[in-house]
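The values are calculated or read from the model by the stated rules, or taken from the named source; none is laboratory data. Keep in mind that what you see is a predicted model, and the values were worked out from it rather than measured. Note that we place each Cβ from the backbone using ideal geometry, even for glycine, and neighbour counts take in every protein chain shown. Areas reflect the complete protein model, heavy atoms only, side chains present, ligands, DNA and RNA absent. Shrake-Rupley method; radii C 1.70, N 1.55, O 1.52, S 1.80 Å.
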Amino acid sequence: ICIALKVGSRFPHVARRGFRRALDRFRADPEGLLDRLIKTWSVPDQRVFERKAVYDLFMKDLHEVFTMGAGPITLAHELKLYRTYGVSLRDLPRDKRITLWHGLSDNIVPPAMACKMALSLPNCEAHLVAGGHFVAVDIAGQIISRLRQMLDEPVEMTTNTRSQFE
């Protein structure tokens, strides 16, 4: 999947072509497409998708992605964002706190990308936690608790990244 991000972000026409092929597969067998996709993900993500509610919600999302709007063009644009944000991360306002959460077993967006981003962002708090790409499903309560704490704390003006490995 990391290769798909690299190729798709550099060559949007390749991403659009791949999306069109995925669209054909989705139309022929939506569940089969999702099942094959899930098998490529990390074990923690596969476990998340064993839950019917999560699986069904994602299937609904895939339906909208593949059948509504300008999917191939949107995908190509999104992949480009993984390479070029349009602004230097170091130029973001230092008076704003940025918090990242990332699963250490994520094989869709590798943790190294999150680490690199965290080191580039001013006033960043990075939480690298056990789990995959969809880790937020399992740790939503933890994320919400941290956000509530942050609302009560003054923003610390630091230039260093604060990381928490759990």
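Residue count for region 107-124, restricted to those that are more than 15 Å from Pro93 (Cα to Cα), assigned to a helix (DSSP H, G or I) and open to solvent by less than 30 Å² (accessible area, probe 1.4 Å): 2.
Glu64 falls short on exactly one of the conditions (1) closer than 24 Å to Asp29 by Cβ; (2) open to solvent by less than 60 Å² (accessible area, probe 1.4 Å); (3) at pLDDT below 90, and that condition is (2).
Selection over region 29-54 of residues that are within 14 Å of Asp138 (Cα to Cα) and not basic (Lys, Arg) gives a count of 9.
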